[in-house]
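This report concerns only the one structure given below.
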Amino acid sequence: MSDEKMVGIVLVSHSATVAASVAELAKGLAGAGTAVPVAPAGGTESGGLGTSAELVSAAAASVDRGAGVAVLADLGSAVLTVKALLAEGDELPEHTRLVDAPFVEGAVAAVVTAATGADLAAVEAAASEAYAYRKT
């Protein structure tokens with residue numbers, strides 16, 4: 001499976017703990033054997049709250065399997081950091097997209113969809129559709 005092209009997922013949060021926990025949840029709900037490359041990029045290099053362009057770039061490079069990278073961000077400066085990296089053009093793998101989706105539900109939908117071998121557009125659509133999930 002490692003030679004198979006697959007969409008990678010990066011979860012950008014202001015908190016390393018939140019990013020890692022959401023990654024763990026999404027992979028767990030997708031199935032214990034899922035080979036979807038998922039990387040958290042949370043907090044700063046020093047372990048504080050914030051967003052690090054370097055951590056985001058490294059996470060994206062680590063999950064790039066040739067089918068694109070979907071990046072989900074929690075809020076504010078995390079979104080702005082990803083947008084800035086995309087604007088620079090050479091900081092993220094080719095075919096990297098910032099996905100407009102709720103962080104937790106979108107991450108689960110993205111990983112579950114990527115696990116089916118879906119392409120980047122389908123992964124992005126599934127994550128974005130998570131806005132419609134109703135809890136009442």
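Run lengths n ≥ 4 of DSSP H only: what is the helix-derived mean residue ellipticity at 222 nm for the chain, with -39500 (n - 2.57) per run over all residues, to the nearest 500? Intermediate values should be presented prior to the final figure.
Working: 5 runs with 62 residues, N = 136.
For the chain, the value works out to -14500 deg cm²/dmol.
Quick one: Cα centre-to-centre distance for segment 52-88 and segment 95-132, in angstrom?
Here the answer is 14 Å between Cα centres.
What net charge do the residues around Ala84 carry, taking every other residue with its C-beta under 15 Å from that of Ala84, with Lys and Arg at +1 and Asp and Glu at -1? Walk me through the numbers on the way to the answer.
Values: positive: Lys83, Arg97; negative: Glu54, Glu88, Asp90, Glu91.
So the environment of Ala84 carries a net charge of -2.
Return one whole number: the accessible area per residue of the chain in Å², for a 1.4 Å probe.
Values: 6680 Å² over 136 residues.
Per residue, the chain has 49 Å² of solvent-accessible surface.
So which helices of the chain fit the span-like rule, where a helix is a whole DSSP H run, its Cα atoms reach 20 Å or more along the axis, and its mean Kyte-Doolittle is at least -1.0? If you can, show how the numbers build up before the last one.
Values: long enough: 16-30 (21 Å, 1.17).
Those that clear 20 Å and a mean of -1.0 are 16-30.
Amide H neighbours of Gly42 under 5 Å, counting only residues 5+ apart in sequence or on other chains, H built in-plane at 1.01 Å?
Excluding prolines and chain starts, which carry no amide H, the hits are Ser13.
Rounded, prolate or oblate: pick one for segment 1-129, where a ≥ b ≥ c are the square roots of the eigenvalues of its C-alpha gyration tensor, a/c under 1.5 means rounded, and failing that, prolate if a/b is larger than b/c, else oblate. Present the calculation step by step, with values, prior to reporting the outcome.
Numbers: a/c = 1.56, a/b = 1.29, b/c = 1.21.
The shape class here is prolate.
Just tell me the longest site-free run in the chain, where the sites are trypsin sites (Lys or Arg not before Pro) in a DSSP loop having at most 14 other beta-carbon atoms within 10 Å. It would help to have the intermediate numbers written out before the result.
Working: sites that count: Lys5, Arg134, Lys135.
The answer is 6-133.
Could you work out the relative contact order of segment 84-135? I mean the mean sequence separation of Cα pairs under 8 Å and 6+ apart, divided by the number of residues, in percent. It would help to have the intermediate numbers written out before the result.
On the way: 43 pairs, mean separation 19.4, N = 52.
That works out to 37 percent.
Ignoring everything but the protein chains, give the 1.4 Å probe accessible area of Thr116 in square angstrom, nearest 10.
Solvent-accessible area, nearest 10 Å²: 110 Å².
Tell me the carbon and sulfur percent of the accessible area for the chain, rounded to whole percent, probe radius 1.4 Å. Walk me through the numbers before you get to the answer.
Numbers: 3680 of 6680 Å².
Result for the chain: 55 percent of the exposed heavy-atom area is carbon or sulfur.
Mind checking segment 38-136 for GluC sites (Glu not before Pro) that DSSP puts in a loop (not H, G, I, E or B) and that have at most 15 other Cβ atoms within 10 Å?
Values: sites: Glu45, Glu54, Glu88, Glu91, Glu94, Glu105, Glu124, Glu129; in loops: Glu45, Glu91, Glu94.
Here the sparse-neighbourhood loop sites are Glu45, Glu94.
What is segment 1-128's relative contact order, in percent, from Cα pairs under 8 angstrom and six or more apart in sequence? Numbers along the way, then the final one.
Details: 288 pairs, mean separation 39.8, N = 128.
Normalised by residue count, the contact order of segment 1-128 is 31 percent.
The values are calculated or read from the model by the stated rules, or taken from the named source; none is laboratory data. Only a predicted model underlies this, so the values are computations on that prediction, with no experimental measurement involved. Note that each Cβ is placed from the backbone with ideal geometry, even for glycine, and that neighbours are counted across all protein chains shown. These accessible areas exclude ligands, DNA and RNA; they are computed on the full protein's heavy atoms, side chains included. Shrake-Rupley method; radii C 1.70, N 1.55, O 1.52, S 1.80 Å.
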